[in-house]
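Novice: I have a structure here, written as structure tokens, and I will follow up with some questions on it.
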Amino acid sequence: MKGPIQDGYFALVELLLPEFILEHFELKEVRKEAEVFHLNLEEVNAPPEELKEEKLLSKGFFPTITIQDFPIRGHKVYMHIKRRRWLRTTTGKAVYRDWSIVAEGTRMTSEFAAFLKEISRYSGD
């Protein structure tokens with residue numbers, strides 16, 4: 001259960017994260033340790049748009065990856081990201097969101113482009 005300080009961290013961090021990240025990831029935990037903030041993000045269980053016609057089952061997550069983000073008021077920020085994978089019921093093969101497709105046609109900051117590039121390195125193959 002979250003307490004008042006944890007609620008405050010959540011509210012603050014949600015204001016700082018790009019809306020696009022909050023659309024695709026759920027902020028599960030914000031932890032402050034000394035001069036470091038740890039943000040735990042979990043990809044939401046919404047299959048990729050390009051696979052919406054397929055029958056998919058959520059099959060858990062890839063191993064968590066950690067990305068260092070821009071500091072907040074002198075505090076280091078680490079995002080611990082759990083990417084979701086789904087199983088195609090027709091083939092039995094795992095599928096996951098292709099972040100390069102998500103990025104096409106969107107306007108994004110260079111920071112967000114770097115975020116997508118970093119998480120795309122961890123395809124789970």
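The values are calculated or read from the model by the stated rules, or taken from the named source; none is laboratory data. Bear in mind that the values here come from a model prediction, so they are computed numbers and not experimental data. Using ideal geometry, Cβ is built from the backbone for each residue, glycine included, and neighbour counts are taken over all protein chains shown.
Novice: Kindly list, by first and then second residue, each pair from a residue in segment 29-42 that is free of Cβ contacts under 8 Å to residues at least 60 places away in the same chain and closer than 15 Å to Leu17 by Cβ to a residue that is part of a strand (DSSP E or B) and among the polar types (S, T, N, Q), limited to pairs with Cβ atoms under 6 Å and residues at least 6 apart or on different chains.
Specialist: Pairs that qualify, where the first residue is free of Cβ contacts under 8 Å to residues at least 60 places away in the same chain and closer than 15 Å to Leu17 by Cβ and the partner is part of a strand (DSSP E or B) and among the polar types (S, T, N, Q), are Glu29/Asn40.
Novice: Across segment 46-80, what is the total count of residues that are closer than 19 Å to Glu14 by Cα and at pLDDT 90 or above?
Specialist: Going through segment 46-80, the residues closer than 19 Å to Glu14 by Cα turn out to be 66-80.
Among the residues that remain, those that are also at pLDDT 90 or above are: 80.
Final tally of qualifying residues: 1.
Conditions (1) within 16 Å of the chain's Cα centre (by Cα); (2) crowded, with 16+ Cβ neighbours inside 10 Å, marked per residue:
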position: Lys52; (1), (2): no, no
position: Gly60; (1), (2): yes, no
position: Pro63; (1), (2): yes, no
position: Pro71; (1), (2): no, no
position: Ile81; (1), (2): yes, yes
position: Trp86; (1), (2): yes, yes
position: Thr89; (1), (2): no, no
position: Arg97; (1), (2): yes, yes
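Novice: Step by step: first the residues of segment 16-35, then only those that are loosely packed, with under 12 Cβ neighbours inside 10 Å and farther than 21 Å from His75 by Cα, then the one that is modelled with the highest pLDDT. Which residue is that? Quick ask: steps written out before the conclusion?
Specialist: Kept after step one, since they are loosely packed, with under 12 Cβ neighbours inside 10 Å, are these residues of segment 16-35: 19, 23, 33-35.
Still in the list and also farther than 21 Å from His75 by Cα: 19, 23.
Details: Glu19: 78, Glu23: 84.
Restricting to residues being loosely packed, with under 12 Cβ neighbours inside 10 Å and farther than 21 Å from His75 by Cα, the top hit is Glu23.
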